[in-house]
Amino acid sequence: MIIKPKFKGFICTTAHPEGCARSVQEQIDYVQQQNPVKGPKNVLVIGASTGYGLASRIVSTFCSDASTIGVFFERPANGNKTASAGWYNMVEFERAAKEENHYAKSINGDAFSTTVKEQVVALIKKDLGQVDLVIYSLASPRRVHPITGETLHSSIKPVDQAFSSKNVDVHEEKVSEITVEPATDDEVRQAVGVMGGEDWEMWIDALRDGGVLADNATTISYSYIGPKITYAIYREGTIGKAKESLEASAQKIHTLLEPLGGKAFVSVNKALVTQASTAIPGMSLYMSLLFKVMKEKGLHENCVEQIYRLFAERLYSGDITVDEKGRIRLDDWEMREDVQAEVVKLWEQVSTENVALISDVKGYREDFFRLFGFGFTGVDYEKDVAIDLEIPSITDSKM
């Protein structure tokens with residue numbers, strides 16, 4: 001099958017297996033060129049198939065020689081429909097891990113469910129005994145609550161008042177004004193229910209109650225704060241309310257684990273093009289401007305570079321520096337005063353006429369296509385490729 005990108009809203013509905021494999025291999029190559037990190041030995045990554053979760057699994061495996069279990073909710077190929085990008089990412093990850101004799105097993109299903117938690121606990125008991133690092137990196141538009149049965153939906157909206165901002169169509173390179181109406185109280189509640197910290201707490205409780213959480217275990221979840229430009233839609237919006245819940249959960253989990261030598265952190269990471277971030281109004285333009293500034297200053301990092309720095313310079317450096325709220329700040333380069341001053345200056349100037357000149361909208365667009373396996377040098381996109389690929393170790397909890 002010859003595969004071309006097809007779009008539905010801000011998501012590409014097709015994925016290229018060879019391109020996704022190239023993406024994973026490039027990340028592995030980067031990690032293997034860095035100094036090894038004496039880090040975790042047995043790692044559980046919840047949300048392991050794309051973005052920061054995938055990068056975390058790659059760094060754990062190929063930099064710290066860790067055994068990993070990955071949990072995700074991805075779609076295999078079906079007839080003439082390609083699998084999701086995350087599915088193909090995991091095919092290549094497991095192939096590469098097996099080739100170098102690393103333990104790697106995967107569970108495909110609803111990570112919010114009690115069933116998947118029980119399956120993971122059983123697999124850890126059987127194969128690893130315990131895990132000493134738990135990474136919680138879920139991004140989902142909805143959650144079926146495992147106790148109440150309610151289906152909760154996340155929304156990306158401001159709170160209290162409408163949000164108006166510049167935005168860019170990265171495919172047509174057109175800058176326009178957008179307005180997003182404020183969320184209702186129930187929409188805020190549901191967004192927190194999906195994207196907040198309750199499920200992270202449930203995972204830690206399930207692992208601890210199952211006896212598979214090592215006494216000195218570390219658990220970490222990823223967050224974002226961002227600049228004042230995006231506060232109304234992000235930090236002060238429905239996502240921000242969810243992130244406040246996540247940070248509160250980190251404190252609860254830390255208190256639970258600390259007597260046994262364990263730790264819990266939220267890592268505030270840099271703005272990057274991920275399948276989750278593409279849905280946030282205004283962020284595509286902000287990131288296009290940010291990338292230009294950070295690349296010119298030699299400060300730009302992609303997901304795997306960011307997570308390597310997290311492992312090498314923070315989590316396993318012997319000196320974990322946190323801010324006044326106990327958060328690890330990997331957004332330190334993004335939030336530098338000189339970087340933000342230049343971004344604000346460009347934001348005030350940007351228009352359809354100059355967006356290609358004063359921003360890195362081209363780089364943003366390339367990053368977007370690469371999420372789905374398109375745009376990689378050395379991949380023949382005119383060639384017929386097999387789409388029905390299997391993840392070797394997969395346990396599919398959707399069946």
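The values are calculated or read from the model by the stated rules, or taken from the named source; none is laboratory data. Only a predicted model underlies this, so the values are computations on that prediction, with no experimental measurement involved. Ideal geometry is used to build each Cβ from the backbone, glycine not excepted, and the neighbour counts take in all protein chains shown.
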| request: For the stretch 331-384, enumerate the residues that are part of a loop (DSSP other than H, G, I, E, B), more than 24 Å from the chain's Cα centre (by Cα) and of a type in the set (Asp, Glu). | output: Glu353, Asp380, Glu382, Asp384
| For the stretch 257-300, which residues satisfy the criterion of being buried (at least 22 other Cβ atoms within 10 Å of the Cβ), of a type in the set (A, V, I, L, M, F, W, C) and farther than 25 Å from Gly47 by Cα? | Leu285, Leu289, Leu290, Phe291, Val293, Met294
| note | Within the stretch 27-65, the residues that are surrounded by fewer than 24 Cβ atoms within 10 Å (Cβ to Cβ) and assigned to a loop (DSSP other than H, G, I, E, B) are Gln33, Gln34, Asn35, Pro36, Val37, Lys38, Gly39, Lys41, Asp65
| message | Among the numbered criteria (1) assigned to a strand (DSSP E or B); (2) surrounded by 17 or more Cβ atoms within 10 Å (Cβ to Cβ), which one does Val159 miss? | response | (1)
| remark: Per the filter on the stretch 307-362, residues without any contact (Cβ under 8 Å) to a residue 24 or more places away in the chain and β-branched (Val, Ile, Thr) are Thr321
| task | Kindly indicate the residue of the stretch 275-307 that is touching an Asp or Glu at 6+ places or on another chain (Cβ under 9 Å) and hydroxyl-bearing (Ser, Thr, Tyr) and also farthest from Glu26 (Cα to Cα) among those meeting that condition. | result | Ser284
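For the stretch 91-109, what are the residues that are within 24 Å of Ile204 (Cα to Cα) and surrounded by 19 or more Cβ atoms within 10 Å (Cβ to Cβ)? Before the answer, list the steps.
From the stretch 91-109, those within 24 Å of Ile204 (Cα to Cα) are 103-109; that's our starting set.
If the condition is that a residue be within 24 Å of Ile204 (Cα to Cα) and surrounded by 19 or more Cβ atoms within 10 Å (Cβ to Cβ), then Ala104, Lys105, Ser106, Ile107, Asn108, Gly109 are the ones that fit.
Going residue by residue through the stretch 301-312, is there one that turns out to be farther than 27 Å from Glu173 by Cα, modelled with pLDDT of 95 or more, touching a strand residue (DSSP E or B) at 6+ places or on another chain (Cβ under 8 Å) and surrounded by 17 or more Cβ atoms within 10 Å (Cβ to Cβ)? Even if it seems obvious, please write down each step before you answer.
We begin by selecting, within the stretch 301-312, every residue farther than 27 Å from Glu173 by Cα; these are 304-312.
From the residues that got through so far, the ones that are modelled with pLDDT of 95 or more too are 304-312.
Still in the running and touching a strand residue (DSSP E or B) at 6+ places or on another chain (Cβ under 8 Å): 310.
Within this subset, residues satisfying the condition of being surrounded by 17 or more Cβ atoms within 10 Å (Cβ to Cβ) are 310.
Yes, the conditions are met somewhere in the stretch 301-312.
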| Gln251 passes all but one of (1) modelled with pLDDT of 95 or more; (2) under 23 Å from Asp367 (Cβ atoms); which number fails? | (2)
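Considering only the stretch 1-12, state which residues are in a loop (DSSP other than H, G, I, E, B) and buried (at least 19 other Cβ atoms within 10 Å of the Cβ). So that I can check it myself, show each step before the final result.
Taking the stretch 1-12 as the starting set, the residues that turn out to be in a loop (DSSP other than H, G, I, E, B) are 1-6, 9-10.
If the condition is that a residue be in a loop (DSSP other than H, G, I, E, B) and buried (at least 19 other Cβ atoms within 10 Å of the Cβ), then Ile3 is the only one that fits.
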| query | Residues of the stretch 186-213 being farther than 23 Å from Glu236 by Cβ and in a loop (DSSP other than H, G, I, E, B), which ones? | reply | Gly210, Gly211, Val212
| task | Please tell me if Lys241 is surrounded by fewer than 21 Cβ atoms within 10 Å (Cβ to Cβ), among the charged types (D, E, K, R), over 17 Å from the mean Cα position of the chain (by Cα) and under 22 Å from Arg142 (Cβ atoms). | result | yes
| If you check Arg189, Arg208, Arg235, which single one turns out to be at pLDDT below 95, surrounded by fewer than 20 Cβ atoms within 10 Å (Cβ to Cβ) and farther than 18 Å from Asp110 by Cβ? | Arg235
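From the list Asn80, Asn89, Asn101, which residue is at pLDDT 95 or above and closer than 18 Å to Pro17 by Cα? Please lay out each step first, then the result.
Working: Asn80 fails: at pLDDT 95 or above; Asn101 fails: closer than 18 Å to Pro17 by Cα.
Criteria check complete, one pass: Asn89.
Tell me, please, whether a residue that is within 24 Å of Ser164 (Cβ to Cβ) and buried (at least 17 other Cβ atoms within 10 Å of the Cβ) can be found in the stretch 321-334. I'd like the intermediate steps shown before the answer.
Residues of the stretch 321-334 that are within 24 Å of Ser164 (Cβ to Cβ), as a first pass: 334.
Add one more test, that the residue is buried (at least 17 other Cβ atoms within 10 Å of the Cβ), and what stays is 334.
Within the stretch 321-334, one or more residues are within 24 Å of Ser164 (Cβ to Cβ) and buried (at least 17 other Cβ atoms within 10 Å of the Cβ).
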| Just checking, how many residues over the stretch 170-185 are surrounded by 15 or more Cβ atoms within 10 Å (Cβ to Cβ) and either assigned to a strand (DSSP E or B) or among the hydrophobic types (A, V, I, L, M, F, W, C) (or both)? | 4
| Can you name the residue in the stretch 247-283 that is assigned to a loop (DSSP other than H, G, I, E, B) and hydrophobic (A, V, I, L, M, F, W, C) and is also farthest from the chain's Cα centre (by Cα) among such residues? | Ile280
| task | Answer yes or no as to whether Glu236 is touching a residue at least 12 places away in the same chain (Cβ under 8 Å), more than 25 Å from Phe372 (Cα to Cα) and not in a helix (DSSP H, G or I). | result | yes
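So in the stretch 13-26, with the set limited to residues that are in a loop (DSSP other than H, G, I, E, B) and either of a type in the set (Val, Ile, Thr) or touching a Cys at 6+ places or on another chain (Cβ under 8 Å) (or both), which one is farthest from Glu100 (Cα to Cα)? Before you say what the answer is, go through the steps one by one.
Let us first name the residues in the stretch 13-26 that are in a loop (DSSP other than H, G, I, E, B), namely 13-16.
Okay, now just the ones that are also either of a type in the set (Val, Ile, Thr) or touching a Cys at 6+ places or on another chain (Cβ under 8 Å) (or both), so 13-14.
Working: Thr13: 32, Thr14: 30 Å.
Here the residue is Thr13.
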